[in-house]
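The values are calculated or read from the model by the stated rules, or taken from the named source; none is laboratory data. Fair warning: this is a prediction, and the values are worked out from it, not measured in the lab. A quick note on method: Cβ atoms are made from the backbone with ideal geometry, for glycine too, and the neighbour counts reach across all protein chains shown.
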Amino acid sequence: DSNEYFVANKNELNIEEEAEAIVVVEKLKEENMLSDNLETKKPPSNWFIVQEVINRQIGSNPLFQRRFYSSLHAVNRLEFKYKLHDINEDVSALSFNQKGNLLARASLNTVSIWDWAARKKRCSSHFPIRNYDITEAKWLPLDVENFMVTRGFYGDIHLLDLEYNSWKLLHFDSSFLDSIARRRNFINDGSLAVHPEIPYVVFSAGNGSISSIDIREDTSKLRYIKRCRYSMLTSIHCNPSNSNEFCVSGYRPSCVRVYDQRKISKPLYKLWITSKYDKEKYTKIAMYNHDGTEILTLCKPSKVLLFDKSMWSCEGNSNHTLFGCDQFSDSVPGVPAIRGINFFGPKSEFIISASNLSDIFIYDKKKRTAAQWLIEDYQLEVCSFCHPHIPILATASKSNVLIWMPSSNEDPTKSIFRTVCIELSMCFFLHFSFSCLII
């Protein structure tokens, strides 16, 4: 009898503990904007400063800077440091140059060049036409970084010479004036692409075609690489390891297409984000990682997908990694929507997603969990842009450029972090699911 009484009491205690746990979880859901977050410890740091410095002093650690940039320690220590502000116009594009010492800021008809470390503006260039809306600005990867290429709201492409403060029209397509829906396709940061091996060539995607422009020609001519009938393209990105390969995103169909210029008639791969017949979803942005072995994709509704090249040769269904949560949807008012994505780290060790409600999430690809959640009282409108060599972030908020550095004094190994976990029992999830089709 005593044993039965003990077992009964034990079962009652277990039920009470489970009920208390449910109450705690429900309270967390009510307290947090991201309703399905659960408290969990951050991943342990993989950077030990004493050992790293000793190895550097004895010459056995030549990649000291790169190892720090790729460490969880640098990500966990990121914090908002200061803002750059010059004009009261919303920032539409950000771009670091190859050296990383200059940061370009674009808004309406102005491009400003900042020495971000010194917090000083180097120069600014104004487009001669008022109410001209610049939606994208990129540095040309030349030895002397005096040239930038910009795209306007109406799809026109200009070459900006910073040394002589001059603008040259490279291309203008009058068909963009016919439809507002078409013009909206260029309100992103990916419809232009450049490659270091061919720095004089600018690639463009949109209006159902993929094209290139050689800026060395006296009279710039648009060369059509591929016409995609009945397709609306939103972004293009070149493979860093292969100047002949590039990927494009868009809808109709809702997939990421990978092309080789030497055999442009058909795509090398079609990476499907959903069913071929689902017209509600499409890819907004697609980009390669540092060596072209992965493609990161932002699709509607706000989902972040990572395609691994080792899986592209499969047939039928396979796996890709999805970073994000089902709350990030444009269709739900007041709920954060992912506005931009990027890689972080010298070897693309982390993935960044920025929402319109001032949240920046940094995900660790290897551990398949979130490593950092950055919050600041600014409303983000443009994706965070990463420094090419050191762990520095630049994000856009209204008319301000925010600079983030790994200078926090908080010990990341002792902190508690509400993070995204891979466990399927957690609703705010990080899980595997993907399908790819080879053409």
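Structure values in brief
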{"quantity": "Given (1) surrounded by fewer than 19 Cβ atoms within 10 Å (Cβ to Cβ); (2) part of a loop (DSSP other than H, G, I, E, B), index of the condition E79 fails", "calculated": "(2)"}
{"quantity": "Scope segment 110-144; condition within 24 Å of the chain's Cα centre (by Cα) and under 15 Å from V91 (Cα atoms); matching residues", "calculated": "T110, V111, S112, I113, W114, D133, I134, T135, E136, A137, K138"}
{"quantity": "Any hit, segment 378-393, residues being modelled with pLDDT of 75 or more, in contact with a Cys (Cβ under 8 Å, 6 or more places away or on another chain) and not basic (K, R)", "calculated": "yes"}
{"quantity": "Filtered residues of segment 86-129 (kept if surrounded by 15 or more Cβ atoms within 10 Å (Cβ to Cβ), among the polar types (S, T, N, Q) and out of contact with any Pro (no Cβ under 6 Å at 6 or more places or on another chain))", "calculated": "S92, S95, N97, N101, S107, N109, T110, S112, S124, S125"}
{"quantity": "Any pair with Cβ under 9 angstrom, 6 or more apart, that starts in segment 114-133 at a residue that is farther than 18 Å from N101 by Cβ and free of Cβ contacts under 8 Å to residues at least 40 places away in the same chain and ends at one that is part of a strand (DSSP E or B) and of a type outside the set (S, T, Y)", "calculated": "H126/V111; P128/W167; Y132/G152"}
{"quantity": "Residue, nearest to L140 (Cα to Cα), within segment 201-242, restricted to residues that are aromatic (F, W, Y) and touching a strand residue (DSSP E or B) at 6+ places or on another chain (Cβ under 8 Å)", "calculated": "F203"}
